[in-house]
Amino acid sequence: MKKIAKNIFATALLFAPFSAFGFETATIINSTTKAWSNDIDEVDKFEDLDFDNRETLTLSAKQPLKNDGSQYIAVEGNVAYKYVNDATGHSDDLTTADLTLLKYTGVFELGDAKSVMNIGRFFVSDYTGLVFAQTSDGAMFQHLENKAQASVYAGWTGLLNAQNVTMLDSTEFSYDRDKLYDFASSYFVGSMSLSFPYVIFNQTLSAECISLFGTDGINGDNSQTWRLYGTVALNGPLASNVFYTAYSTFAKEAEKDMMNLSALMLDFYPGYKDIDIGASFYYATAEKDGKSAFKGITSQTATLSFEEPQYSALLKAGSAFSIKPIPSILAKLGADAVFAYHDEEGKMAPNGNLGYHGFQVFVNASYQIFTDLKANLSFSDFIGKEKMSNKIMGTFGLTLAL
């Protein structure tokens, strides 16, 4: 505990000078506990569950460089303590520190258009949110007009904290899992995107290209690795209260065949209590029919099953319903049917045969107790075709903003 307190104090000192010079500052304390089991019938006491408890202190600051706020510098860092226990009785803990944001932002008006520049460490996401969605060190330039919007990004991942970001590597990557901060797998990531809002019957057409090239970094050499992604997307209204998003991403990796991730999402907004009734469909290719199993850049869990698979070699279709019964509560209920590629033993295998994998249900609720205090509660149950895929899980979290 002394070590934790020391880390928190050191992080606080980092931000202390900002408020003295008029910086906007914020402090967030978060506590989240997850507990789950593969077979709830075998759970007699709390120690029979796998559980993960995390306490996080986040400090942030923002300094405007111009009176109108069009240019500013923002910084955010956190110290986190994680305690993990599995059903076999093994437990472990870890303290990490991270700088999650350090960027300059400038917004420049150009008549009816504007340009936005971000330089430093900040969160970046591709159009799908499933290929590249993580913090990275780099620079982004955006040009925004009514009829067209363009974006260019270039960044490097080798200085990130491997304890807090997980990327899908093509080569073996190892780091010290007990360190406060250890460097992540190193890649150069570049992207270009172009969007035409309301170009066809109020529909928006978008295209994006992402490139990933491995580099010789601090914790390993990825220099033989490369991947290219191309996404075409269309979204817009089908009626005054019905909207859709559709996209298809084709990708190519060194010494691999073409791979694809496609999705379709529909949302219906009745206009009462912020209700959203949605349906979704995802398909990611397997190692079949001359294609490779789809692989993104940032790790993204596709299902709530015990295996926690990526968006690779599977099909998922489902629906969800969300509502705000009162302004301070948001509740969501959803369910998905999952199909995956399996080997003869029923285990997920990218070169196997497509078949039913399982069904999942989930419930989430968030309650804004006070302006500065929020509670989150969620429950999920994955019922697999094979028992090894089963997973029942509950999560509770509290967030306090100071």
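The values are calculated or read from the model by the stated rules, or taken from the named source; none is laboratory data. Treat the numbers as computed from the prediction; the structure is a model and nothing was measured. Cβ sites come from the backbone with ideal geometry, for glycine too, and all protein chains shown count toward neighbours. These accessible areas exclude ligands, DNA and RNA; they are computed on the full protein's heavy atoms, side chains included. Shrake-Rupley method; radii C 1.70, N 1.55, O 1.52, S 1.80 Å.
Here the accessible area is traced with a 1.4 Å probe on the protein chains. For the chain, carbon and sulfur cover 60 percent of it.
Where does the charge balance sit around LYS387 when Lys and Arg score +1, Asp and Glu -1, over other residues with C-beta under 14 Å from its C-beta?
Details: positive: LYS347, LYS385, LYS391; negative: ASP39, ASP41, GLU42, GLU307, GLU345, ASP381, GLU386.
Surrounding charge for LYS387 is -4.
When the chain is described by a simple charge dipole with +1 on each Lys and Arg Cβ and -1 on each Asp and Glu Cβ, the residue from HIS357, GLY217, LEU400 located farthest towards its positive end is LEU400.
Of the residues GLY89, GLY217, GLY296, the one that moves most in a GNM of the chain with alpha-carbon contacts below 10 Å is GLY89.
In terms of the mean number of neighbouring beta-carbon atoms within 10 Å, the peptides 334-342, 203-211 order highest first as 334-342, 203-211. Partners of LYS385 within straight-line reach, counting lysines whose Cα lies under 20 Å from its Cα and excluding those fewer than 8 residues away in the same chain: LYS316, LYS347. Across the stretch 116-266, Cα pairs under 8 Å and at least six residues apart give a relative contact order of 15 percent.
Here the gap between ILE369 and ASP276, fully extended at 0.36 nm per residue and compared with their Cα-Cα distance, gives a gain of 31.2 nm.
The mean sequence distance of close C-alpha pairs (under 8 Å, at least 6 residues apart), as a share of the length of the chain, puts its relative contact order at 11 percent.
Taking each DSSP H run with n ≥ 4 as -39500 (n - 2.57) and averaging over every residue of the chain yields -1500 deg cm²/dmol at 222 nm.
Ranked highest first by the average count of other Cβ atoms within 10 Å around their residues, in what order do 353-363, 107-117, 121-131, 192-202 fall?
On the way: 353-363: 16.5, 107-117: 12.5, 121-131: 19.5, 192-202: 14.0.
Top to bottom by mean Cβ count within 10 Å: 121-131, 353-363, 192-202, 107-117.
Using alpha carbon centroids, what distance separates the stretch 23-56 and the stretch 341-402, in Å? Answer, in whole Å: 14. Sorted from longest to shortest, the spans of the Cα atoms of the stretch 116-211 along the three principal axes equal 54, 24, 17 Å.
Taking 18 Å as the straight-line reach from the Cα of LYS45, the aspartates and glutamates in range (excluding those fewer than 8 positions away in the same chain) are ASP86. Straight-line reach from LYS324: which aspartates and glutamates have a Cα under 15 Å away, not including same-chain ones fewer than 8 places off? Straight-line reach from LYS324, under 15 Å: ASP274, ASP276.
Tell me the net charge near ARG54. Cut-off is 9 Å between Cβ atoms, ARG54 excluded, with +1 for each Lys or Arg and -1 for each Asp or Glu. That works out to 0.
Sort 237-245, 344-352, 313-321 for me by packing, meaning the mean count of neighbouring Cβ atoms within 10 Å per residue, highest on top. Walk me through the intermediate numbers first.
Numbers: 237-245: 12.7, 344-352: 15.0, 313-321: 18.9.
Descending packing order for the listed peptides: 313-321, 344-352, 237-245.
With a ≥ b ≥ c taken as the square roots of the eigenvalues of the C-alpha gyration tensor of the stretch 305-402, please select rounded if a/c is under 1.5 and otherwise prolate if a/b is larger than b/c or oblate if it is not? It is prolate, given that a/c is not under 1.5 and a/b is the larger ratio.
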